[in-house]
Amino acid sequence: MVKGSDNVTEQKDKGKVVYIYNREQASYYMSQGIMAKATGVHPKTKRIWYMFGFNETSKVYDQWCLRNR
């Protein structure tokens, strides 16, 4: 256990994932060194999705949101 870390939150969020349908956003994440855990096609919409780990993407998501300001 690491002193000063919130291990309960880390363990709770460990299995969380995010699905990205925006190819440009997924490419940005990957260009920042975060690889998709899985990819696929939505059965109804036929749109391609990319699955990323929630914890791995939180900082890059902030950068993504601020990139065009």
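Largest first, the three principal axis extents of the alpha carbons in segment 16-66 are 31, 20, 15 Å in whole numbers. Remark: segment 16-66 carries a charge dipole of roughly 280 debye about the Cα centre, counting +1 on each Lys and Arg Cβ and -1 on each Asp and Glu Cβ. Approximating the spin labels as points 7 Å out from Cα along Cα→Cβ, the S27-to-D62 distance works out to 2.6 nm.
Computed FRET efficiency, Cβ-Cβ of R47 and K16, R0 25 Å: what is it to the nearest 0.05?
0.75
The numbers here are math on the coordinates, done by the rules we state, and not lab data. None of these values were measured; they are calculated from a predicted model. Glycine gets a Cβ as well: all are built from the backbone with ideal geometry, and neighbour counts include every protein chain shown.
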